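Undergrad: Below are the structure tokens for one structure; questions will follow.
The values are calculated or read from the model by the stated rules, or taken from the named source; none is laboratory data. These numbers were taken from a predicted model, which means no experiment stands behind them. Cβ: placed from backbone, ideal geometry, glycine included. Neighbour counts: every protein chain shown. These area figures cover heavy atoms from the full protein model, side chains too; ligands, DNA and RNA do not enter into them. Shrake-Rupley method; radii C 1.70, N 1.55, O 1.52, S 1.80 Å.
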Amino acid sequence: MAFAALAMMFSGGVGAIDSRGAVRAANVWTKFHPGDDIRNDIRASRVQIADLDRDGVDEVVYLLTATCIGASFDCTNDVVVMTPLRKGDPRLRPGRLDNDYMTDLWRRAEQSGYGDDTSLHVPGDVRALAIVGDRVQVTFDVVRDSPICKRSLDRGSAGPCPEPGRYRWTLSWREGALSKTREILLGRDD
């Protein structure tokens with residue numbers, strides 16, 4: 001049964017994903033973000049399924065986080081959107097020099113039927129992640145000395161860290177892009 005759904009998806013047909021499959025796909029792709037002595041405990045949480053572009057095909061939305069100690073960069077805290085894999089999908093990039101672990105990881109990623117499409121960094125501790133219609137809403141708390149948003153960095157296009165407080169962002173997704181369409185300050189930490 002699972003093989004038939006996977007074959008249908010790779011042949012260009014639309015396959016459905018259930019919550020267990022979505023969690024499994026998010027967890028497999030999280031393994032492509034190796035940790036080190038600064039960034040570890042990389043994990044997927046708050047996994048949800050939604051048809052964000054209303055085309056009849058479900059996307060998977062999840063929060064990718066990590067624990068960082070002594071980092072000079074923003075710690076991983078991203079809303080990620082996954083889309084179904086297609087035959088010959090460029091996201092599947094096994095290398096001929098991969099060891100057995102990586103070969104198995106690529107195989108499991110392909111079997112999951114989904115791959116990371118795009119992500120957006122959230123500059124605060126996420127309190128809620130919800131799908132509202134065709135939008136993603138993320139509610140989060142910003143604190144002044146957070147490892148999630150380093151105020152000392154030259155932030156470039158990422159913009160400055162918001163002032164401390166509770167925020168709600170509304171995000172829209174189109175293939176390859178996740179963007180903030182609305183920001184609401186729910187309360188300040190003064």
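Undergrad: Averaged per residue, what accessible area in Å² does the chain show with a 1.4 Å probe, protein chains only?
TA: On a per-residue basis, 55 Å².
Undergrad: Over what distance in Å are the Cα centres of the range 117-190 and the range 45-113 separated?
TA: 20
Undergrad: Calculate for the chain the 222 nm mean residue ellipticity that helices alone would give, adding -39,500 (n - 2.57) per DSSP H run of length 4 or more and normalising by residue count, nearest 500 deg cm²/dmol.
TA: The helix contribution divided over the chain gives -5500 deg cm²/dmol.
Undergrad: Any lysines with Cα under 18 Å of the LYS180 Cα? List them, leaving off those in the same chain fewer than 8 positions away.
TA: Cα-Cα hits under 18 Å: none found.
Undergrad: Here's something else I'd like to know. Between ASP41 and TYR101, how many nm apart are label points set 7 Å from Cα along the C-beta direction?
TA: Placing both labels 7 Å along Cα→Cβ, they lie 2.0 nm apart.
Undergrad: While we're here: Once the Cα atoms of helix 100-112 and of the chain are each reduced to a long axis, what angle between those two axes, in degrees from 0 to 90 to the nearest 10, is obtained?
TA: 90
Undergrad: Could you list which residues have their amide H under 5 Å from that of ASP74, counting only those 5 or more apart in sequence or on another chain, with H placed in the peptide plane?
TA: The answer is LYS150.
Undergrad: While we're looking at this one, here's another question. What part of the accessible area of the chain, given as a whole %, is carbon or sulfur when the probe is 1.4 angstrom?
TA: Of the solvent-accessible surface of the chain, carbon and sulfur hold 50 percent.
Undergrad: Binned at 5 Å from 0, what are the whole-percent values of the Cα-Cα distance distribution for the range 40-130, short to long?
TA: 3, 12, 18, 20, 19, 15, 10, 3, 0
Undergrad: May I have the pair-distance distribution P(r) for the chain, computed from all Cα-Cα distances with 10 Å bins from 0 and rounded to whole percent?
TA: In order of increasing distance, the bins hold 9, 33, 34, 18, 5, 0 percent.
Undergrad: Just the Cα atoms of the range 99-153, one point each, no solvent: what log10 I(q)/I(0) does Debye give at q = 0.21, 0.30 Å⁻¹?
TA: The Debye formula, applied to the Cα set alone, gives -0.85, -1.16.
Undergrad: List the lysines whose Cα lies under 23 Å from the Cα of LYS87, skipping any in the same chain that are fewer than 8 positions away.
TA: Output for LYS87: LYS31.
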